[in-house]
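K.L.:
Sharing a structure with you now.
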Amino acid sequence: MVLKDVLQQFLDDEQWQDEIAHDDRDDTDFISTGFQIDGQRYRLILITAELPKTIRVLLISPLKVPKARAREAAIVLNALNVRLAYGNLEMDDEGAVYFRWGMDLEGATAVPMQFGHLINAANSAFDEIRAAVIAAAAFSKQSAEDIINNYKNALERPNEEIREARVH
């Protein structure tokens, strides 16, 4: 099945009204739509390409990193990427922070739910803790090292609470 048709089937199954567009420059088909996470409006882009046979997701955060904080934010994003199971967080030259990931489907049968998996991975990349860490990297005066240490400590808290509950 043509990947554009699989994307259309996903849109139909989810009852999304978005229309698939075509990009002649790279011969891809895509949708670009709004997507909400915790009341914040993100931009979601789903992309299909027949050559190579791939599907991809971009989820663009509403946050823009000021130029003065770009270095610290880049270091923090790299640290966050270490703990992501899939895909990666990036920042472009204008300071936009986004998640991207793709699947190579050469030799495989594409199914609509694969787009759901891409979206779930993108959504989880901007969970509450990561979103707060990215905001701190963009807008606080903290060093990247301090932000990363705070992030690691925040991740340890649930484990400490579980250990304490087992002891008591």
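The values are calculated or read from the model by the stated rules, or taken from the named source; none is laboratory data. Given the structure is predicted, the values throughout are model-derived calculations rather than measurements. Methodologically, a virtual Cβ is constructed for each residue, glycine included, from the backbone with ideal geometry; neighbour enumeration extends over all protein chains shown. These area figures cover heavy atoms from the full protein model, side chains too; ligands, DNA and RNA do not enter into them. Shrake-Rupley method; radii C 1.70, N 1.55, O 1.52, S 1.80 Å.
K.L.:
If packing is taken as the mean number of other Cβ atoms within 10 Å per residue, what is the order of 69-75, 149-155, highest first? All intermediate terms of the calculation are to be shown ahead of the outcome.
P.N.:
Numbers: 69-75: 17.9, 149-155: 13.7.
Peptide ranking by packing, descending: 69-75, 149-155.
K.L.:
Could you give the accessible area per residue of the chain, probe 1.4 Å, as a whole number in Å²? Show your work: numbers first, answer last.
P.N.:
Details: 10110 Å² over 168 residues.
Result: 60 Å² of accessible area for each residue.
K.L.:
What residue among Leu51, Pro66, Gly39 has its Cα farthest toward the positive end of the dipole of the range 1-91, where the charges are +1 on Lys, Arg and -1 on Asp, Glu, each on the Cβ?
P.N.:
Sorting the options by dipole projection puts first Pro66.
K.L.:
Continuing with this model, one more query. Report, to the nearest whole %, how much of the accessible area of the range 30-145 belongs to carbon and sulfur atoms, 1.4 Å probe, protein only. Display every interim value, and only then the final one.
P.N.:
On the way: 3230 of 6040 Å².
Answer for the range 30-145: carbon and sulfur cover 53 percent of the accessible area.
K.L.:
Still on this structure, I have one more. Can you tell me which of Pro66, Pro112, Pro52 moves the most in a GNM of the chain? Springs connect C-alpha atoms under 10 Å apart.
P.N.:
Maximum fluctuation in the GNM of the chain, among the listed residues, is at Pro52.
K.L.:
Hey, another quick one. Against the longest alpha carbon principal axis of the chain, how many degrees, from 0 to 90 and to the nearest 10, is the axis of helix 113-125 turned?
P.N.:
20 degrees
K.L.:
Turning to a different aspect of this structure: From Cα pairs below 8 angstrom and at least 6 apart in sequence, can you work out the relative contact order of the chain, rounded to a whole percent?
P.N.:
Working: 243 pairs, mean separation 33.9, N = 168.
20 percent.
K.L.:
Could you tell me the number of lysine pairs in the chain with C-alpha atoms less than 22 Å from each other, where the two lysines are 8 or more residues apart or belong to different chains?
P.N.:
Numbers: Lys4/Lys53; Lys64/Lys141; Lys67/Lys141; Lys141/Lys152.
Total qualifying Lys-Lys pairs in the chain comes to 4.
K.L.:
Once Lys and Arg get +1 and Asp and Glu get -1 on their Cβ, which of Ala110, Leu89, Ala132 lies farthest toward the positive end of the dipole of the range 50-133?
P.N.:
Ala132
K.L.:
Calculate the all-directions average of the projected area of the range 5-70's alpha-carbon convex hull, and give it in nm². Let's see the in-between values first.
P.N.:
Numbers: hull surface 24.9 nm².
Average of the hull's projected areas for the range 5-70 equals 6.2 nm².
K.L.:
Say R0 is 35 Å: what FRET efficiency, to the nearest 0.05, do Val2 and Asn88 get from their beta-carbon distance?
P.N.:
Details: r = 28 Å, r/R0 = 0.79.
In this case the efficiency is close to 0.80.
K.L.:
Under a crude label model (7 Å from the Cα following the beta-carbon direction), how far is Ala74 from Asn150 in nanometres?
P.N.:
Placing both labels 7 Å beyond Cα along the Cβ direction yields 2.2 nm.
K.L.:
Further, regarding this structure: Arrange the peptides 120-127, 140-147 so that the one whose residues have, on average, the most other Cβ atoms within 10 Å appears first.
P.N.:
Working: 120-127: 18.4, 140-147: 14.6.
Sorting 120-127, 140-147 by mean packing, highest first, produces 120-127, 140-147.
K.L.:
State to the nearest 20 debye the size of the charge dipole of the chain about its Cα centre, where the only charges are +1 on K and R beta carbons and -1 on D and E beta carbons. Please list the in-between numbers first.
P.N.:
Working: 18 positive and 28 negative charges, 170 e Å.
Magnitude of the dipole: close to 820 debye.
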